[in-house]
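Let me begin by presenting the structure, written as structure tokens, before commenting on it.
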Amino acid sequence: MRQSQLFTKTKREAPKDEVSKNAKLLIRGGFVHKEMAGVYSYLPLGIRVLRKIEQIIREEMNAIGGQELTMATLHPSEPWKQTGAWDSVDVLFKIQSRTEKEYALGQSEEEIVTPIVKEYVDSYKDLPVAVYQIGQKYRDELRAKSGIMRGREFLMKDMYSFHETQEDFDRFYQIAKEAYLKLYSRMGLVAKATEASGGNFTTKLSYEFMVLTDAGEDDILYCSDCTHCANVEVSKQKEGDTCGKCNKGVLALAKASEVGNIFDLGQKYSKDFDFTFKTNDGTEKQPIMGCYGIGLTRLMGVIVEALSDDKGIVWPESVAPFKVHLLSLGSTDEVKKSAEKLYGELLEKRIEVLFDDREASNGEKFADADLLGMPYRIVVSERSLQNGGCELKKRTEEKGEVVGVENVIDLLVTRA
Ligand code: ATP
Ligand code: MG
């Protein structure tokens with residue numbers, strides 16, 4: 001895409017009321033627009049990032065047998081009253097219609113998914129089932145101060161699974177845990193799965209997936225040696241203790257952000273909605289259920305927090321809005337022609353490229369490239385042409401190298 005056509009522009013200053021680094025950088029770059037505390041619109045650059053995060057999650061959920069659907073977000077109040085959540089979930093947004101009817105906005109969707117799956121599952125032969133969606137969620141959060149990391153409206157992937165037996169649930173649960181760890185690492189993040197119970201490894205299963213960042217709202221203890229990680233709230237150990245799991249490493253304290261979690265819901269919702277299936281021996285049983293959440297907009301914020309530097313954002317290639325930022329510097333015909341030609345060739349090779357073809361100063365173009373954070377920058381200038389081509393530089397490196405214009409595409413393809 002041509003930057004001259006992009007309707008958003010970068011800003012030098014972040015809004016004064018934003019305290020978090022992710023919101024400051026994302027607003028300055030024109031990725032998001034703030035509507036009110038905890039509510040953001042996603043602009044052309046921002047939506048490209050979200051769509052890539054979404055696709056990675058979709059691929060990993062499909063790979064473990066998840067079936068995608070989209071459930072309503074405007075809900076009748078009845079199922080929420082049936083489970084007791086209407087009165088017990090403090091973040092639930094409730095809407096009063098002009099006809100006096102009450103509605104809820106989806107904050108999680110057990111109340112909707114359980115009756116849907118119940119309609120199609122009659123026998124043990126129909127199980128297990130895992131369904132998921134990627135969609136907007138609404139929560140009446142008291143404090144929304146971490147930019148896009150804690151929203152009142154946000155994008156979440158929520159999966160729900162239904163099983164015949166506890167053993168089958170446990171089997172799937174481990175598979176889901178591995179899929180989660182894989183998808184975070186595909187996004188350039190190292191996530192740790194907490195042990196819900198802290199020192200006691202036998203209670204009901206639940207994992208929180210944590211990425212270390214000072215912008216996080218959780219305090220965790222993690223082992224220097226093994227994968228053990230626990231939320232301070234529930235851990236029976238403290239900083240400096242020898243890890244209770246491997247008995248080797250030492251526990252360190254850190255701030256982290258919860259980018260996902262998975263729960264054993266037991267038969268709570270099956271019971272609430274009177275969901276039974278016929279077992280092998282003809283008796284009726286209620287399925288065991290699990291739920292699996294990932295915050296996509298929070299993830300985008302965490303990536304910015306964890307990977308940016310003092311000049312701007314550093315997108316991992318897997319989620320970057322464009323792989324390449326092509327800068328045309330100076331106004332000589334030769335530069336313009338070479339840059340245009342290269343742009344055309346990149347498009348032809350289906351390499352995603354943002355082409356800075358604007359009439360702007362070199363300084364402005366360089367600063368924008370750093371702020372916007374595409375993984376590769378290619379500069380075409382009079383000087384680069386004199387030196388034999390264009391300059392190719394990675395966002396994570398200080399210095400670039402001059403390479404022949406005819407070689408640069410091959411280099412990009414082989415380095416991917
Ligand atoms: P938190 O403790 O951070 O409020 P939670 O325990 O309420 O999270 P879940 O209900 O399990 O979270 O939601 C699943 C995932 O959705 C979380 O792991 C997180 O990544 C994301 N998430 C939860 N609340 C928000 C929010 N207000 N804004 C953005 N993402 C959120
Ligand atoms: Mg919450």
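The values are calculated or read from the model by the stated rules, or taken from the named source; none is laboratory data. Computed from a prediction, not measured in an experiment: that's the story for all the values here. Every residue, glycine among them, receives a Cβ derived from its backbone with ideal geometry; neighbour counts consider all protein chains shown.
Results, tabulated for the structure shown:
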{"read-out": "Test set (1) among the aliphatic types (A, V, I, L, M); (2) more than 13 Å from ligand 1 (Cβ to nearest atom); (3) free of Cβ contacts under 8 Å to residues at least 40 places away in the same chain - residue 220 fails condition number", "value": "(2)"}
{"read-out": "Positions within region 235-265 being surrounded by fewer than 16 Cβ atoms within 10 Å (Cβ to Cβ) and either at positive phi or aliphatic (A, V, I, L, M) (or both), in sequence order", "value": "240, 247, 250, 252, 253"}
{"read-out": "Yes/no for residue 298 being under 32 Å from the mean Cα position of the chain (by Cα) and over 30 Å from residue 152 (Cα atoms)", "value": "no"}
{"read-out": "Region 358-393 - residue that is surrounded by fewer than 16 Cβ atoms within 10 Å (Cβ to Cβ) and of a type outside the set (Gly, Ala, Ser) and, of those, nearest to residue 319 (Cα to Cα)", "value": "364"}
{"read-out": "Residue count, region 118-176 (criterion: within 18 Å of residue 257 (Cβ to Cβ), touching a residue at least 24 places away in the same chain (Cβ under 8 Å) and among the basic types (Lys, Arg))", "value": "6"}
{"read-out": "Single match in 68, 100 (criterion: without any contact (Cβ under 8 Å) to a residue 40 or more places away in the chain, more than 22 Å from residue 148 (Cα to Cα) and away from ligand 1 (no atom under 16 Å from the Cβ))", "value": "100"}
{"read-out": "Helices (runs of 4 or more DSSP H) (entirely within region 335-416) containing at least 1 residues that are more than 24 Å from residue 4 (Cβ to Cβ)", "value": "382-386, 408-415"}
{"read-out": "Residue within region 77-87 that is surrounded by 12 or more Cβ atoms within 10 Å (Cβ to Cβ), small (Gly, Ala, Ser), at pLDDT 95 or above and more than 15 Å from ligand 1 (Cβ to nearest atom) present", "value": "yes"}
{"read-out": "Positions within region 140-154 being over 14 Å from the mean Cα position of the chain (by Cα) and assigned to a strand (DSSP E or B), in sequence order", "value": "153"}
{"read-out": "From the options 157, 137, residue that is within 16 Å of ligand 2 (Cβ to nearest atom), part of a strand (DSSP E or B) and out of contact with any helix residue (DSSP H, G or I) (no Cβ under 9 Å at 6 or more places or on another chain)", "value": "137"}
{"read-out": "Qualifying residue in region 133-154 (condition: within 27 Å of residue 61 (Cα to Cα), surrounded by fewer than 16 Cβ atoms within 10 Å (Cβ to Cβ), within 12 Å of ligand 1 (Cβ to nearest atom) and not hydroxyl-bearing (Ser, Thr, Tyr))", "value": "yes"}
{"read-out": "Output for region 11-29, where each listed residue is surrounded by fewer than 18 Cβ atoms within 10 Å (Cβ to Cβ) and either closer than 16 Å to residue 364 by Cα or free of Cβ contacts under 8 Å to residues at least 40 places away in the same chain (or both)", "value": "11, 12, 13, 14, 15, 16, 17"}
{"read-out": "Helices (runs of 4 or more DSSP H) (entirely within region 7-112) containing at least 3 residues that are in contact with a strand residue (DSSP E or B) (Cβ under 8 Å, 6 or more places away or on another chain) and closer than 29 Å to residue 216 by Cα", "value": "21-29, 44-63"}
